[in-house]
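Okay, so here's the structure we're looking at.
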Amino acid sequence: MRFYQAGQIPEQPHMYFIYGDGGTGKTSLFKQFEGKKLLFSFDLSTNPLRGDTNTDVFVLENTDGPDIQNQLESLLQRVINSRQYNVIGLDNVTALQNLVLENIDNAAKDNRQNYQKLQLWFRDLAMYLRQSNVTIYATAHQLNNGANGLDGAGRFTADMNEKTFNAFTSVFDMVGRIYIKDGKRLIDVNPESGNHGKNRIDDRTIFKADEIIKPVSNKKLTNQEERKEA
């Protein structure tokens, strides 16, 4: 364990986890981050980043799947140790989870042990990223759990095994759902909405997606304004 005296705890780069439907702009949101960036694309959806001169990309190939854990660990270690990048993105953790699970599946007779190994691997990955001193951005698809009220509150979760999701996102500063309403891209990080969400960075609960890094205003929405956005 590392010890810090009172008043000497250093500020850490933030970690963001955003989930949502396809076409809501999860990948293109990576453009909002500043500095030299590196994206690991697990679903080949790199077109939104074409022309971005600050972003390097690793794209998954068919032959990578059976050894994806070792490959990703090795690449992350090289990249982080190089100190060349200010931001690292993991695009579509849903796809990554499925690849890892396929490699782990049936490794143990008890299927619960397979999922436990999945959860532990993602927990270790998140802890390594937390200690990297680099801003982290991760995305996932969403699951629609069905209508739970007219406003959709409580309907949506990240498309991941729930315990794996909890193990991975426990160290993230922001977890939110991106969606489109009335032509606007919004991010909901409000845990009280019933969807997965949290925000340890500031006091916003719902905001425009293009303000994820630089809020136009620190003004918190009133309850009425928040309901209107949702």
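The values are calculated or read from the model by the stated rules, or taken from the named source; none is laboratory data. Source: prediction; values computed, not measured. Cβ sites come from the backbone with ideal geometry, for glycine too, and all protein chains shown count toward neighbours. Calculation scope for accessible area: heavy atoms of the full protein, side chains included, ligands and nucleic acids excluded. Shrake-Rupley method; radii C 1.70, N 1.55, O 1.52, S 1.80 Å.
Data table
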read-out: The chain, Rg to Rh (Cα coordinates; Rh as Kirkwood inverse mean 1/r); value: 0.96
read-out: Tensor-based shape of segment 56-134 (alpha-carbon gyration tensor, a/c under 1.5 rounded, otherwise prolate or oblate); value: prolate
read-out: Antiparallel DSSP beta bridges within the chain, as percent of all bridges there, nearest 5; value: 35
read-out: Dipole magnitude of the chain about its Cα centre (Cβ charges: Lys, Arg +1; Asp, Glu -1), debye to nearest 20; value: 500
read-out: Residue-normalised accessible area of segment 1-74, given per residue in Å² at a 1.4 Å probe; value: 62
read-out: The chain: most fluctuating residue of G89, G23, G183 per GNM, C-alpha cutoff 10 Å; value: G183
read-out: Check: segment 66-140 dipole with +1 on Lys, Arg Cβ and -1 on Asp, Glu Cβ, in debye; value: 260
read-out: Distance (nanometres) between label positions extended 7 Å along Cα→Cβ at D182 and Q12; value: 3.8
read-out: Estimated distance in nm for a label pair at K31 and N62, the labels positioned 7 Å out from Cα along Cα-to-Cβ; value: 3.2
read-out: Residue-wise HN-Hα coupling along segment 15-23, computed from phi with Karplus coefficients 6.51, -1.76, 1.60 (Hz; x: Gly, Pro); value: 10, 10, 10, 10, 10, x, 5, x, x
read-out: Heavy-atom accessible area ranking, 1.4 Å probe, most first, across S82, S132; value: S82, S132
read-out: Shape category assigned to segment 1-96 from the gyration tensor of Cα positions, a/c cut at 1.5; value: prolate
read-out: FRET efficiency, 1/(1 + (r/R0)^6) with R0 41 Å, evaluated for R50 and E73 via beta carbons; value: 0.90
read-out: Estimated 222 nm signal from helices in the chain, with DSSP H stretches of n ≥ 4 weighted -39500 (n - 2.57), rounded to 500; value: -8500 deg cm²/dmol
read-out: Simple label model, 7 Å out from Cα along Cβ direction - I213 to N145, nm; value: 3.2
read-out: Extension gain (nm, one decimal) between N111 and D202, 0.36 nm per residue minus Cα-Cα; value: 28.8 nm
read-out: Of the DSSP H helices in the chain, those whose Cα atoms cover at least 20 Å axially and whose Kyte score averages -0.5 or more; value: 68-82
read-out: The chain, accessible surface, carbon-and-sulfur percent (1.4 angstrom probe); value: 45
read-out: Restraint check, K37/K208; K163/K208; K184/K214; K31/K198; K31/K214; K31/K208, Cα-Cα greater than 24 Å; value: K163/K208
read-out: Distance from segment 168-196 to segment 21-41 (C-alpha centre basis), Å; value: 16
